[in-house]
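What follows is a single structure, written as structure tokens, with notes after it.
The values are calculated or read from the model by the stated rules, or taken from the named source; none is laboratory data. As the structure is a prediction and not an experimental result, all values here were calculated from the model. Neighbour counts run over all protein chains shown; Cβ positions are idealised from the backbone, glycine included. Heavy atoms of the whole protein, side chains included, go into the accessibility calculation; ligands, DNA and RNA do not. Shrake-Rupley method; radii C 1.70, N 1.55, O 1.52, S 1.80 Å.
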Amino acid sequence: LPPTLSKEQRLMKRVMDVVLATAMLILASPIMLLLAVLIPLTSRGPALYRQERLGLNGKPFMLYKFRSMVQDAEKLTGPVLATEDDPRITLLGRWMRATRLDELPQLFNVLKGDMSLVGPRPERAFFVEQFKEELPEYTYRMMVKPGITGLAQLMAKYTTTAQDKLRYDLMYVRNYSIVLDLKILFQTMLVVLRREQAEGVRTRSKDQERLLRELLKGQSEMAVGREK
């Protein structure tokens, strides 16, 4: 059966999302106001960027971000996934990506109910269709709300294949708990504070390795339980 969350888990997750997202917006408001001024001053175009993504059960929604690339970055190329050292990324945008500050407007997506703080990253329909051809189970990751951060964002990097990222996403859903969400949020904060890199974790910390071992152990125990 496709992995999913129970009604109780969805309710608890939603309560945590609203409480923490509200608190984070209040704390981050000075930084967000500063970026709203700096982005248009350092590169042509608006500060905010909107893009359609697929959310829970494949329902489209508009995702908000601070613009980290030049305006109309895909005007000539069409949909293209970002790469390491992408020339379309602005100087300020590279710093925002390194600190994950470009994702702050998605806190409004969380309050609206389109997203959760933790979950698989939402993708565009163009790429979802491509991934589904190669990975039929790719739609399973849309059985839960997409997140601002997630297990795949902690454990993977841009060179990680879509198949391996999918494994992390499904591992998260199968092992879901409020405690797991809090652990992922804490690890994400450490990555931001350390500014390890702009495009995903290159070297996992000891805490991240420990978290991954816990999840793998949980997967094994669940498999044994099903066999019995």
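When GLU214, GLU8, GLU123 are compared by accessible area at a 1.4 angstrom probe, the order from most to least is GLU8, GLU214, GLU123. For SER116, the residues whose modelled amide H falls within less than 5 Å of its own, excluding neighbours fewer than 5 places apart on the same chain, are GLY147, ILE148. Taken as Cα centroids, region 1-31 and region 46-75 sit 21 Å apart, rounded to the nearest whole angstrom. Placing unit charges on the Cβ atoms of the charged side chains and taking the dipole of region 85-171 about its Cα centre, the candidate lying farthest along the positive direction among LEU111, LEU170, LEU151 is LEU111.
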